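Handing you this structure, nothing more for now.
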Amino acid sequence: MSRYLFCRCWRSHGQMTIQPQLRRYSKQGSSSISQERIYILGVGNLGKFVAHGLSNLSPQPPVTLLLHRPGLVADWEACGRCIERIADGVGDKATGLDAELVGAEAPPAEQHEGAAKPIKNLVLATKTYMTPKALASIKDRLDKSSNIIFLQNGMGTTDEVSAAFFPDPASRPTYWAGICTTGIYSTTPFSFVLAGPGKMTIGPVSSSDESSLGTSYMVQSMLRAKDLVASPVSAAEIQRAQLLKLVVNAMANPLTAIFRCKNGDLFVHEARLHLMKALLEEAAPIIRALLPARYQGDDAFSDDRLLELVLDVTEKTAKNTTSMLQDIQAGRQTEIDYINGYIVRKGKDLGLPCSKNALLVDLVKQRRVIDNEGIRVFYSQ
């Protein structure tokens with residue numbers, strides 16, 4: 001469930017003045033382009049949050065926002081080439097950031113200073129389903145010496161990226177995973193509101209990369225950025241944290257989507273609560289099977305404790321609308337394939353039953369709305 005990501009704001013603009021604007025802002029800070037530059041792909045809530053947090057470091061690391069749509073270039077120019085954070089009604093603008101248009105509509109490399117530069121540090125903060133397409137435009141700028149931190153909802157994108165772009169482990173970048181619990185929502189394409197305190201957890205996807213925690217420029221920069229409240233963990237710990245978050249997401253996001261309700265409406269209706277329990281009882285054995293060896297038998301993953309976790313989060317965020325319901329309401333694609341869909345795929349691999357979660361995936365994709373009486377369809381599976 002996205003207790004953190006509430007909305008994404010997009011606007012479309014004409015392209016008549018894009019080229020001259022692009023040349024102006026791409027030259028900003030061009031002398032500082034180096035292998036230590038940090039690129040951010042995805043300027044939704046988390047991308048903006050990280051960019052703003054890094055901008056407050058001293059010295060400020062060179063940061064480039066990678067923009068995929070010409071309309072975002074116009075937005076970037078219109079806002080004065082800065083990212084504004086609003087906390088307690090007070091605005092704070094981050095400046096000194098660079099931007100670069102990538103993808104099919106980007107100008108040729110020879111017209112775009114820095115466009116062909118290798119990317120050694122990449123914060124990947126796109127929607128999960130956008131990942132392969134977004135990375136395709138910069139994949140040739142990534143190599144074994146690159147670091148990618150996946151700061152996304154759900155699970156499964158690292159496997160997709162490896163299969164699509166880096167099938168050979170010998171030439172694969174170092175992968176990192178990040179989880180953020182800070183309350184954030186967007187107001188404009190380059191501003192956001194800090195709605196609630198939280199923290200960020202960062203760890204390597206593979207245990208073989210744990211020694212890189214102290215040497216990765218990007219990771220160390222994020223750990224030093226006090227506004228991000230980030231802390232490092234091991235590969236096993238980040239996987240455990242991801243699975244706990246996955247459980248909460250899988251129990252709340254899709255249910256609020258099919259019932260068209262806020263988080264708090266899930267546990268005050270007895271029929272919905274029983275459905276949540278049924279889905280959790282099916283998903284829990286799959287989640288436990290995915291735990292790293294050191295966490296096998298972890299009491300936090302018992303059926304009762306997982307249910308307590310889900311109910312605690314939904315109660316604390318009772319008035320919130322999940323990102324999945326917001327996507328449904330806006331007519332956008334959802335991240336269901338990387339939440340319950342991920343559980344279903346892993347369940348099939350493990351030979352464990354997952355029919356109820358599979359049905360939920362289908363209902364969300366079909367944009368179906370059901371009432372409390374409609375819940376009975378799950379118990380016939």
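Hey, which of the helices (runs of 4 or more DSSP H) in segment 211-326, taking only ones fully inside, have at least 3 residues that are polar (S, T, N, Q)? Walk me through how you get there before you give the answer.
On the way: elements: 217-224, 235-259, 270-289, 303-316.
Output list reads 235-259.
The conditions are (1) part of a loop (DSSP other than H, G, I, E, B); (2) of a type in the set (Gly, Ala, Ser); (3) surrounded by 23 or more Cβ atoms within 10 Å (Cβ to Cβ), and ALA116 fails exactly one of them. Which is it?
Here ALA116 clears every test but (3).
Looking at this structure, is ASP337 over 18 Å from the mean Cα position of the chain (by Cα) and either surrounded by 14 or more Cβ atoms within 10 Å (Cβ to Cβ) or without any contact (Cβ under 8 Å) to a residue 24 or more places away in the chain (or both)?
On the way: over 18 Å from the mean Cα position of the chain (by Cα): no; either surrounded by 14 or more Cβ atoms within 10 Å (Cβ to Cβ) or without any contact (Cβ under 8 Å) to a residue 24 or more places away in the chain (or both): yes.
Criteria not met by ASP337.
If you don't mind, there's one more thing I want to ask. Inspect segment 171-179 for any residue being over 21 Å from GLN326 (Cβ atoms) and assigned to a loop (DSSP other than H, G, I, E, B) and give the result as yes or no.
Yes: segment 171-179 contains one or more residues that are over 21 Å from GLN326 (Cβ atoms) and assigned to a loop (DSSP other than H, G, I, E, B).
Could you tell me whether segment 120-134 includes any residue that is under 28 Å from GLU160 (Cα atoms), of a type outside the set (Asp, Glu) and in contact with a His (Cβ under 6 Å, 6 or more places away or on another chain)? Give the derivation first.
In the first step, residues of segment 120-134 are kept if they are under 28 Å from GLU160 (Cα atoms); the result is 120-134.
Narrowing the set further to residues that are of a type outside the set (Asp, Glu) leaves 120-134.
Next, from what is left, pick out any that are in contact with a His (Cβ under 6 Å, 6 or more places away or on another chain): none.
Looking for residues that are under 28 Å from GLU160 (Cα atoms), of a type outside the set (Asp, Glu) and in contact with a His (Cβ under 6 Å, 6 or more places away or on another chain), one finds none in segment 120-134, hence no.
Also, I was wondering about something else. In segment 62-80, what residues are more than 25 Å from THR131 (Cα to Cα) and assigned to a loop (DSSP other than H, G, I, E, B)?
Result: CYS79, GLY80.
Quick one: which residue in THR64, THR17, THR95 is polar (S, T, N, Q), modelled with pLDDT of 95 or more and surrounded by fewer than 19 Cβ atoms within 10 Å (Cβ to Cβ)?
THR95
Any idea which of GLY156, GLY178 is closer than 28 Å to LYS226 by Cα and under 19 Å from the mean Cα position of the chain (by Cα)?
Result of the check over GLY156, GLY178: GLY178.
Here's another thing I want to ask about it. Under 6 Å between Cβ atoms, which residue pairs at least 6 apart in sequence (or on different chains) link something in segment 174-187 that is at pLDDT 95 or above and surrounded by 19 or more Cβ atoms within 10 Å (Cβ to Cβ) with a partner that is part of a strand (DSSP E or B) and of a type in the set (Ser, Thr, Tyr)?
Cβ pairs passing all conditions: ILE179/THR201.
With (1) buried (at least 23 other Cβ atoms within 10 Å of the Cβ); (2) touching a helix residue (DSSP H, G or I) at 6+ places or on another chain (Cβ under 6 Å) as the list, and MET276 as the residue in question, which single condition is left unmet?
For MET276, the exception is condition (1).
For every residue, the table says whether it meets (1) among the charged types (D, E, K, R); (2) at pLDDT 95 or above; (3) buried (at least 18 other Cβ atoms within 10 Å of the Cβ); (4) assigned by TED's automatic domain parsing to the domain that holds ASN147.
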residue: LEU5; (1), (2), (3), (4): no, no, yes, no
residue: ARG11; (1), (2), (3), (4): yes, no, no, no
residue: SER30; (1), (2), (3), (4): no, no, no, yes
residue: GLY47; (1), (2), (3), (4): no, yes, yes, yes
residue: VAL50; (1), (2), (3), (4): no, yes, yes, yes
residue: GLY53; (1), (2), (3), (4): no, yes, yes, yes
residue: HIS68; (1), (2), (3), (4): no, no, yes, yes
residue: TRP76; (1), (2), (3), (4): no, yes, yes, yes
residue: ALA99; (1), (2), (3), (4): no, yes, yes, yes
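Test ASN357 against the criterion of being in a helix (DSSP H, G or I), surrounded by 13 or more Cβ atoms within 10 Å (Cβ to Cβ) and polar (S, T, N, Q), and give yes or no.
Yes; evaluated as a whole, the condition is true for this residue.
Then there's this: So how many residues does segment 327-340 have that are outside any helix (DSSP H, G or I), touching a helix residue (DSSP H, G or I) at 6+ places or on another chain (Cβ under 9 Å) and farther than 24 Å from GLU237 by Cα?
Here the count works out to 3.
Among what's in segment 139-173 and is aliphatic (A, V, I, L, M) and surrounded by fewer than 22 Cβ atoms within 10 Å (Cβ to Cβ), pick the residue that is farthest from ILE339 (Cα to Cα).
Restricting to residues being aliphatic (A, V, I, L, M) and surrounded by fewer than 22 Cβ atoms within 10 Å (Cβ to Cβ), the top hit is ALA170.
Right, another one. Test ARG294 against the criterion of being surrounded by fewer than 17 Cβ atoms within 10 Å (Cβ to Cβ) and farther than 22 Å from GLY183 by Cα, and give yes or no.
Working: surrounded by fewer than 17 Cβ atoms within 10 Å (Cβ to Cβ): yes; farther than 22 Å from GLY183 by Cα: yes.
Yes, satisfied.
Of everything in segment 340-352, what is loosely packed, with under 14 Cβ neighbours inside 10 Å and at negative phi? Give them in sequence order.
LYS348, ASP349, LEU350
The values are calculated or read from the model by the stated rules, or taken from the named source; none is laboratory data. Everything quoted here is computed from the prediction, not taken from an experiment. Quick reminder, even Gly has a Cβ in these numbers, built from the backbone with ideal geometry, and neighbours come from all protein chains shown.
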